[in-house]
Amino acid sequence: MPSPFPLLLNFPDEILIRLRRYLTDDSDSRSWRLVCKDFYRVDLISRTTLRVRRIEFLSSLIAKFEAIDELDLSICPRINDGTVSIFLGLGFSRLRSLILSRSSGLSYMGLERLMRACTGLEMVDMSYSWGFGDREAAAVSNCAELKEVRLDKCLGVTDVGLARIVVGCGRLERLSLKWCLQVSDLGVELLCKKCFDLRVLDLSYLKVTNESLRAVASLPKLEVLIMVGCLSVDDLGLQYLEHGCPSLKELDISRCDGIRPYGLTSVLRGHDGLEQLDASYCFSELSTDSLYWLRNLKCLKAIRLDGTQLSSAFFDVISVHGKYLVELGLSKCNGVTDANIIQLITRCIGLKVLNLTCCHSITDAAISSMAGLCQKLMSLKLESCNMITERSLDRLGLYCSLLEELDLTDCCGVNDKGLECLSKCSQLLSLKLGLCTNITDTGLIKIARNCKRIYELDLYRCLGIGDAGLEALSTGCKRLTKLNLSYCNKVTDRGIECVGQLEELCSLEVRGLQNVTSVGLTAVAFGCKRLVDLDMKQCQNVDDSGFWALGSYARNLRQLNVGCCGVSDVGLCMMMGNLSCLQDAKLVTLNKVSVRGFELALRACCLRVKKVKLHASLRFMLSSEILEILNAWGCKIRWD
């Protein structure tokens with residue numbers, strides 16, 4: 001049989017490789033590989049990133065994909081010192097990026113061997129690694145060529161560990177220390193003295209003071225500074241920044257309670273080239289001086305002021321001087337009216353992202369005007385804007401053809417007619433309709449027929465949604481990866497069986513579905529092979545047969561919530577033993593499971609699970625042996 005793509009097959013590999021790189025979606029990539037042998041071969045030689053679910057397949061995958069320079073092991077259930085030997089025999093000198101986030105089983109000895117094997121490494125991510133401390137940081141410092149290090153929530157890292165990385169990796173350009181609570185001013189000061197090439201620095205939630213900002217101000221190439229929730233920083237710290245960081249383009253000072261408008265004015269006065277500013281939840285309102293200097297930001301592209309009292313003077317400044325503005329965040333801002341928004345969008349017609357969450361005074365007048373003027377709009381958040389009706393959605397459908405994200409959560413004015421109008425936005429990727437109680441299957445069917453690119457859909461407590469709507473989704477929205485059906489009480493096994501036809505589905509929430517039994521759950525487990533996150537709390541009519549199906553077919557599950565379900569000892573033990581990728585399990589209020597059942601289930605998964613949530617009463621009933629085993633393997637237990 002002749003090839004359906006004869007012209008493409010005559011192209012040299014270089015052209016086919018360039019074409020392949022335009023495919024960023026996983027399903028498109030799989031389709032490419034299935035076209036013919038030549039396309040499959042091009043995929044093998046051109047693929048540069050690899051995300052591995054199971055460590056036992058790593059050797060064969062690396063041998064198959066020769067051009068891999070970025071390796072993501074964050075979803076492997078257990079990376080420990082024993083698995084490092086796999087790396088050592090694979091010749092990882094070509095590797096440039098290594099993601100080991102949540103690798104709680106990897107000690108400093110294994111990590112040191114790994115870092116020495118990856119001689120060309122430029123980026124390493126150890127975020128949320130429970131056991132990562134100063135000795136592990138010293139192991140990372142062996143990679144002298146590192147340009148980016150991520151240590152988010154590595155709670156064991158202190159100034160000593162940071163110093164080892166700073167001294168060993170003097171070429172750092174990007175560093176994230178978010179939630180590293182033991183890092184102080186001393187560590188930040190040493191960082192700024194050694195790493196002059198730093199361009200991106202995240203100090204969010206650190207207990208640093210103004211002295212850290214004095215040091216940061218000396219960084220000549222710093223472009224992005226993120227310091228969310230730095231409660232010990234005040235206006236004096238921002239005054240240091242006024243005369244430093246000449247290259248600063250992005251600043252995030254959100255939730256810094258000690259900062260006042262005077263401090264913000266200092267930064268604005270010293271950095272007229274600022275492109276992005278986030279000052280959400282910092283102060284009650286902007287001062288006159290802040291507004292004066294805000295108009296000098298000729299390059300401003302994004303500003304977020306969530307939770308701030310805004311005056312008409314702010315909208316005057318932005319509408320006149322914000323001609324390059326593409327993102328505006330006004331969530332929970334007082335003073336936002338239809339007149340203000342209309343005034344702003346008349347001049348800022350290039351807006352692509354707008355957040356009006358909980359701006360309760362906004363009506364159809366503002367949204368309709370915005371739809372007609374801001375036709376490049378890609379993301380719009382209108383949660384709890386209760387005066388929005390189908391009139392707004394009609395205008396969005398007519399004029400905002402590029403819209404990809406829309407949040408209408410708790411907008412009680414949204415109905416089936418509105419969804420029919422909205423269905424004209426065929427590029428929609430994410431749609432949130434939680435608590436929209438006036439929509440039914442009729443409206444959802446319209447969305448399913450026309451918005452085929454949607455990958456995220458939130459129908460939380462949409463009481464009018466039932467099986468017919470889900471049947472339409474299963475045929476029209478094949479790319480769905482995230483679906484929330486919690487408390488949609490009309491949904492039965494028939495609807496959930498339709499959900500089981502969504503082969504791309506990764507995350508599913510079905511809390512409180514009393515009409516769903518093991519029949520529906522079995523269909524999901526069998527059909528949704530890519531499912532990694534399942535929340536089925538309060539699905540009381542699901543029994544052991546459903547959990548057996550999960551254990552047998554849903555082998556990629558990483559997060560699972562089965563609280564208040566009807567599982568017994570046998571079903572829980574079988575499921576927990578078979579889910580080899582499981583990392584986070586919530587097992588609260590399982591009334592049919594005995595203490596012995598919990599013991600056996602935890603033993604079955606103790607070598608790979610990283611988080612477990614249990615009822616508080618079990619703290620004194622479970623044996624000390626199993627608790628010690630879980631702790632030794634880096635598993636965090638949360639008692640409810």
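What the table below lists for this structure:
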{"quantity": "Residue in the range 605-614 that is open to solvent by less than 60 Å² (accessible area, probe 1.4 Å), of a type outside the set (S, T, Y) and over 18 Å from L560 (Cα atoms) present", "calculated": "no"}
{"quantity": "V267 vs. criteria touching a strand residue (DSSP E or B) at 6+ places or on another chain (Cβ under 8 Å), assigned to a helix (DSSP H, G or I) and either open to solvent by less than 60 Å² (accessible area, probe 1.4 Å) or not basic (K, R) (or both)", "calculated": "yes"}
{"quantity": "Qualifying residue in the range 114-125 (condition: open to solvent by 10 Å² or more (accessible area, probe 1.4 Å), touching a residue at least 12 places away in the same chain (Cβ under 8 Å), at positive phi and not assigned by the TED database to the domain that holds K611)", "calculated": "no"}
{"quantity": "Strands (runs of 3 or more DSSP E) within the range 350-409 that include 2 or more residues out of contact with any Gly (no Cβ under 7 Å at 6 or more places or on another chain), of a type in the set (F, W, Y) and under 26 Å from Y324 (Cβ atoms)", "calculated": "none"}
{"quantity": "1 or more residues among the acidic types (D, E): qualifying helices (runs of 4 or more DSSP H) within the range 472-583", "calculated": "493-499, 544-553, 569-578"}
{"quantity": "Scope the range 380-396; condition open to solvent by 10 Å² or more (accessible area, probe 1.4 Å) and not charged (D, E, K, R); matching residues", "calculated": "S384, N386, M387, T389"}
{"quantity": "Which listed residue, of E497, E471, E503, E509, is open to solvent by 10 Å² or more (accessible area, probe 1.4 Å) and touching a strand residue (DSSP E or B) at 6+ places or on another chain (Cβ under 7 Å)", "calculated": "E509"}
{"quantity": "The range 44-68, residues that are surrounded by fewer than 16 Cβ atoms within 10 Å (Cβ to Cβ), under 25 Å from the mean Cα position of the chain (by Cα) and farther than 21 Å from L106 by Cα", "calculated": "T48, T49"}
{"quantity": "S311 more than 21 Å from M387 (Cα to Cα), in contact with a Gly (Cβ under 7 Å, 6 or more places away or on another chain), surrounded by fewer than 17 Cβ atoms within 10 Å (Cβ to Cβ) and of a type in the set (S, T, Y)", "calculated": "yes"}
{"quantity": "Test: E420 is touching a strand residue (DSSP E or B) at 6+ places or on another chain (Cβ under 8 Å), acidic (D, E) and over 18 Å from A365 (Cα atoms)", "calculated": "no"}
{"quantity": "Positions within the range 395-419 being charged (D, E, K, R) and within 15 Å of C374 (Cα to Cα), in sequence order", "calculated": "R395, E404, E405"}
{"quantity": "Odd one out for I367, checked against (1) crowded, with 20+ Cβ neighbours inside 10 Å; (2) within 27 Å of the chain's Cα centre (by Cα)", "calculated": "(2)"}
{"quantity": "Top-ranked residue in the range 317-359 [being among the charged types (D, E, K, R) and either at pLDDT 95 or above or under 18 Å from D278 (Cβ atoms) (or both); ranked as least open to solvent (accessible area, probe 1.4 Å)]", "calculated": "D338"}
{"quantity": "Inter-residue pairs, beta-carbon under 8 Å, first under 13 Å from F314 (Cβ atoms) and open to solvent by 10 Å² or more (accessible area, probe 1.4 Å) and in the range 272-298, second among the charged types (D, E, K, R) and not in a loop (DSSP other than H, G, I, E, B), 6+ apart", "calculated": "W293/R269"}
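Conditions (1) over 16 Å from P220 (Cα atoms); (2) not aliphatic (A, V, I, L, M), marked per residue:
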| site | (1), (2) |
| --- | --- |
| R255 | yes, yes |
| R260 | yes, yes |
| L264 | yes, no |
| G273 | no, yes |
| D278 | yes, yes |
| C282 | yes, yes |
| E285 | yes, yes |
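The values are calculated or read from the model by the stated rules, or taken from the named source; none is laboratory data. Bear in mind that the values here come from a model prediction, so they are computed numbers and not experimental data. Cβ atoms come from the backbone with ideal geometry, glycine included; neighbour counts cover every protein chain shown. These area figures cover heavy atoms from the full protein model, side chains too; ligands, DNA and RNA do not enter into them. Shrake-Rupley method; radii C 1.70, N 1.55, O 1.52, S 1.80 Å.
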